[in-house]
Amino acid sequence: MATVKASPEAQLRLLELADLDAELGRLEHRRRNLPEHAQVATLEQRDRQLRDEIAALEAREGDLRREQVKADTDVEQVRSRIARDRTRLDTGQVSSPRELENLQSEIESLLRRQSDLEDVELDVMERLEAAQGRLKEAGAERVSVGAELESVVGRRDAALAELGGLSARAADRRAAVAEQEPADLLDLYERLRVQHGGVGAAALRRGQCQGCHLTLNTADLNVIRAAAPDDVVRCEECRRILVRTDESGL
């Protein structure tokens with residue numbers, strides 16, 4: 001038995017206090033577990049992934065553009081060389097059979113070189129187009145993700161505001177009830193509430209503690225029957241304050 005004493009009315013108010021604490025706990029649980037929290041986290045993660053991918057793609061696009069300029073330049077240089085050699089052939093600038101043979105051989109070599117360089121040029125163009133295509137897709141997806149994120153954040157903030165209002169009203173009611181309680185009774189209740197998962201007091205209903213839901217044995221019930229109305233009794237199992245009511249079965 002506890003040494004704290006309080007009027008039956010003060011003890012009954014503990015049940016109202018416990019109900020308000022339970023309501024505040026439920027509201028806090030809902031606040032922490034809003035589905036929008038997980039949705040926001042997922043969307044923010046995707047936005048970061050897209051941001052990083054876009055940065056990498058933009059850098060790759062720049063590299064490929066420079067690579068394309070080089071490939072174009074290489075092809076153009078070979079084409080110019082071929083054009084000059086053909087001009088020499090067509091205008092009869094080469095008369096020596098050996099020199100003519102060498103020039104024709106050079107043109108054939110340059111044509112093969114041109115073909116190889118054009119393959120490189122085409123490959124660079126394809127890779128550039130692919131990078132630009134993915135860059136466009138990633139940009140569009142990021143815009144979409146941003147719009148969805150804005151919508152989800154709006155829903156989350158609205159839900160948080162609603163829950164905050166409910167919590168504030170419950171806290172105000174709790175403060176009003178707690179203000180009426182004797183200091184020693186309230187102190188005991190608060191200590192037990194911390195120790196027992198937010199429930200410091202429970203009703204005794206039909207011989208059962210509503211805190212731990214265990215039925216008291218006959219000896220414990222007899223002790224409670226013999227206690228004065230202003231005695232603050234405790235459950236022998238969970239040690240919460242037991243509040244006697246008309247339904248206690250005493």
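So here's what we get for this one:
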item: Fewest-first ranking of R244, R66, R88, using other Cβ atoms within 10 Å as the exposure measure; result: R66, R88, R244
item: C-alpha long axis of helix 97-180 to longest principal axis of the chain, angle in °; result: 10 degrees
item: Rounded, prolate or oblate (a/c below 1.5 giving rounded, otherwise prolate when a/b exceeds b/c) for the range 34-178 by Cα gyration tensor; result: prolate
item: The range 160-247: GluC sites (Glu not before Pro) in DSSP coil with no more than 13 other Cβ atoms inside 10 Å; result: E247
item: The chain - Rg over Rh from alpha carbon coordinates, Kirkwood radius; result: 1.61
item: Crossing angle, helix 183-195 versus the chain [Cα axis fit, 0-90 degrees, rounded to tens]; result: 40 degrees
item: Acute angle (nearest 10 degrees) that the helix 35-90 long axis makes with the longest principal axis of the chain, alpha-carbon atoms; result: 0 degrees
item: Note, ³J(HN,Hα) from phi for the range 201-213, Karplus 6.51, -1.76, 1.60, rounded to Hz, x at Gly and Pro; result: 9, 8, 6, 9, 10, 6, x, 10, 6, 7, x, 9, 6
item: Virtual spin-label span in nm between R206 and A22, 7 Å along Cα→Cβ; result: 1.6 nm
item: 5 angstrom amide H check on R234, placed H, neighbours 5+ away; result: A2, L242
item: Net lengthening on full extension, A171/S96 (0.36 nm per residue, minus Cα-Cα); result: 16.3 nm
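Each reported figure results from applying straightforward, stated rules to the coordinates on display, with no laboratory input. Since the structure is predicted, the reported quantities are computational estimates derived from the model, not experimental observations. Virtual Cβ from ideal backbone geometry, glycine too; neighbours counted across all protein chains shown.
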